[in-house]
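First the structure, in the form of structure tokens, and then the observations on it.
The values are calculated or read from the model by the stated rules, or taken from the named source; none is laboratory data. Worth saying up front: this structure is predicted, and the values here are computed from it rather than measured. Please note: Cβ atoms are built from the backbone with ideal geometry, for glycine as well, and neighbour counts cover all protein chains shown. To get the accessible areas, we keep the full protein, side chains included, count just its heavy atoms, and leave off ligands, DNA and RNA. Shrake-Rupley method; radii C 1.70, N 1.55, O 1.52, S 1.80 Å.
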Amino acid sequence: MAEDAILGYLATHEEISDSGIFASQHGLQHNDVVNVIKSLHGFRYIDAEDIKKESWVLTDEGKKYAAEGSPEVQLFLAVPPEGSISKDELQKKLDPSVFKIGCSQAGKNKWVDMGKQVSRKVQHVEDKVKDLLIRIQDGQELSKEDNTSLKARKLIVAQTWKGYSVRKGPNYAPNRKKVATDLTRENLQKGDWKDLEFKEYNFNAKGPPPEAGHVHPLLKARIEPFVKQQFRNIFLQMGILVLKFDDVFSFGADCSFEEMPTNNYVESSFWNFDALFQPQQHPARDSHDTFFLEAPSTTKQLPEDYVELVKNVHKDGGYGSRGYNYDWKREEADKNLLRTHTTAVSTRMLYALAKQPFAPKRYFSIDRVFRNESVDRTHLAEFHQIEGLVCDRGLTLGDLIGVLNDFFSRLGMSKLKFKPAYNPYTEPSMEIFSYHEGLGKWVEIGNSGMFRPEMLRPMGFPEDVSVIAWGLSLERPTMILNGIDNIRDLFGHKVDLSLIKRNPICRIGL
Ligand code: PHE
């Protein structure tokens, strides 16, 4: 429409001097006219020159008075024609801002007597301000003085209006030629390609975004070689560090961290709890906290000699311990469950290690665990744990603190605090807190401790061998790194799919 109007007009006229006037004369939107001008100009059908004009538009306050009348007139009308009204009464009848402005303007205009009692000084007033505002709304021009006074009252603001003046261009034609975008088989067969005008290639145009699969941030953190490799690297580099700072860590230099095989979600209660000196009445072993399997409900293979030793340490103690003194039941130990921590894997590994001639070892794992918990913004029934342990002669709590500082500073968390805690299988035990700069507070990031002799000695470890160990959830750092504060935004049916598409690969640490 606008295009035909412009090209048609120029066929018989020298120029369109003002696109704004042209638009209103032809009943067109100025915006549409401008867009067509830009496009025709691009193909040189027309030449266009910018024109700029200062115009005035109403502010929100100006619009209000144009509709409801100026405050001074509203105030005047609220004063009775005869007699007077108290100032308080008058105030109650009007908007606070209308009252305030109205008082000062009506006073200035000498329309009313302002005192404790307010009365009219004149009988009729005209709302000049409202009239002026309406004229501006209609696009009319006002005198300089009127503009200045309305502007001073912040009822109007200046706005730059942009338009064009237009003349024929070198490629002018009364109708735009349709340009071809593709050379077709028909064009070649008919031979009309000779007369066709082709659209130029736009090498700057963006292509449509490719449709592709996207890896979930959590999966990225767990399985993506890039991220998992970073956790691995942390463990591997820690092995190397020992060589350099022998005084920090007392354990042997000749071993690095090895990844434990974590490919069994189903575990027996024995390896998940009993072997860790976790008593059978412990609340964690309740079905409210643990998912037990219905089929197969029990394990068939346990190392009988070792089971006997574990049973004895629970019942009667030993190795300097008094034990728990309760009736240990094999049926409890046989129950299958979904492992509640990867410490079950560490336990199996330590048991196997103790069978060999002693050599220091360091292990780590990153895999899934399950807890029968109610889901909230920081808890899910399935999550992942990162776990590390060091087994050597003569390790101390100082070694554990040193290792934890080293490990977490590689994750970018160098301010740590430790709080005494309780785990059935570690003594001493420490919860690990890190200062979160973003949240401005200390957040719990992991748990740690030294495995108890009641756990290690039945496996067959010599008395002077200790194991320091720590565990943390993979989700915590992933949430922090992705700026997610609700775990359900990361995992489950409430996940926003566009988050997964936009989510960049996150680097851990510095
Ligand atoms: N297993 C503990 C947990 O699930 C973590 C831990 C690992 C604690 C090793 C101490 C030693 O929270």
Item to check | Rg [Å, one decimal], Dmax [Å, integer] - region 44-181, C-alpha atoms | outcome: 23.9, 82
Checklist entry - Got the relative contact order for region 267-425 handy, in percent, Cα pairs under 8 Å and 6 or more residues apart? => result 25
Checklist entry - Nearest 0.05, what FRET efficiency do Tyr319 and Gln237 give at R0 = 51 Å with Cβ-Cβ as r? => result 0.90
Checklist entry - By accessible area of protein heavy atoms, probe 1.4 Å, what ranking do Val495, Val57, Val310 get, highest first? => result Val57, Val495, Val310
Checklist entry - Got the relative contact order for the chain handy, in percent, Cα pairs under 8 Å and 6 or more residues apart? => result 13
Item to check | Over region 34-100, equivalent-ellipsoid semi-axes from the Cα gyration tensor in Å | outcome: 53, 10, 8
Item to check | Cα centroid separation - region 99-151 against region 5-20, whole Å | outcome: 43
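What do you get for chymotrypsin sites (Phe, Trp or Tyr not before Pro) in region 1-88 restricted to DSSP loop and a cutoff of at most 14 other Cβ within 10 Å of the site's Cβ?
none
Kindly give Rg over Rh for region 376-419, based on alpha-carbon atoms, with the Kirkwood expression for the hydrodynamic radius. List each step's numbers first, then the result.
Working: Rg = 13.8 Å, Rh = 12.9 Å.
Value, to two decimals: 1.07.
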Checklist outcome for this item: Expressed in angstrom and rounded, the centroid-to-centroid distance over alpha carbons for region 54-94 and region 439-493 is 69
Checklist entry - Cross-link partners among lysines for Lys415, C-alpha distance below 18 Å, same-chain residues fewer than 8 apart left out? => result Lys441
Item to check | Pairs of alpha carbons in region 160-202 whose separation is greater than 15 Å (percent) | outcome: 61
Checklist entry - Taking R0 as 35 Å, what's the FRET efficiency between Ser39 and Thr59 from their Cβ-Cβ distance, rounded to 0.05? => result 0.55
Checklist outcome for this item: Percent of all Cα-Cα pairs per 20 Å bin for the chain, counting from 0 up to the last occupied bin, reads 16, 26, 16, 23, 18, 1
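Loop only per DSSP, at most 15 neighbouring Cβ atoms within 10 Å: give me the trypsin sites (Lys or Arg not before Pro) in region 403-477, ordered by residue number.
Within region 403-477, the qualifying trypsin sites (Lys or Arg not before Pro) (loop, at most 15 other Cβ atoms within 10 Å) are Lys415.
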Item to check | Extension gain, Lys128 back to Ser256 (0.36 nm per residue minus Cα-Cα distance, nm) | outcome: 37.2 nm
Next on the checklist: Need the list of aspartates and glutamates near Lys108 for cross-linking: C-alpha distance under 17 angstrom, and skip anything on the same chain fewer than eight residues off.
Outcome noted: Glu72, Glu126, Asp127, Asp146
Checklist entry - Got a number for carbon plus sulfur as a percent of region 1-156's accessible area, 1.4 Å probe? => result 49
Checklist entry - Hey, what number do you get for the chain at 222 nm if only DSSP H runs of n ≥ 4 count, each worth -39500 (n - 2.57), divided across all residues, to the nearest 500? => result -10500 deg cm²/dmol
Next on the checklist: Students often forget the sequence filter, so: which aspartates and glutamates lie under 15 Å Cα-Cα from Lys178 once same-chain residues fewer than 8 apart are removed?
Outcome noted: Glu3, Asp4, Asp192, Asp195, Glu197, Glu200
Checklist outcome for this item: Square roots of five times the C-alpha gyration tensor eigenvalues of region 279-435, ordered largest first and given in whole Å, equal 28, 23, 16
Item to check | Rounded if a/c under 1.5, otherwise prolate or oblate - region 317-394, Cα gyration tensor axes | outcome: oblate
Checklist entry - Taking GluC sites (Glu not before Pro) that fall in a DSSP loop and have at most 16 other Cβ atoms within 10 Å as cut points, what is the longest piece of the chain between them? => result 212-293
Next on the checklist: So, R0 is 25 Å and r is the distance between the beta-carbons of Lys194 and Arg167; what FRET efficiency does that work out to, to 0.05?
Outcome noted: 0.20
Checklist entry - So which of Lys329/Lys417; Lys162/Lys206; Lys38/Lys194; Lys53/Lys100; Lys38/Lys151; Lys38/Lys130 end up more than 31 Å apart by C-alpha? => result Lys329/Lys417; Lys53/Lys100; Lys38/Lys151; Lys38/Lys130
Checklist entry - In region 128-213, what chymotrypsin sites (Phe, Trp or Tyr not before Pro) fall in a loop by DSSP, with at most 16 other Cβ atoms inside 10 Å? => result Tyr172, Tyr201, Phe203
Checklist entry - Between Asn264 and Gln301, what is the label-to-label distance in nm when each label sits 7 Å out along the Cα-to-Cβ direction? => result 0.8
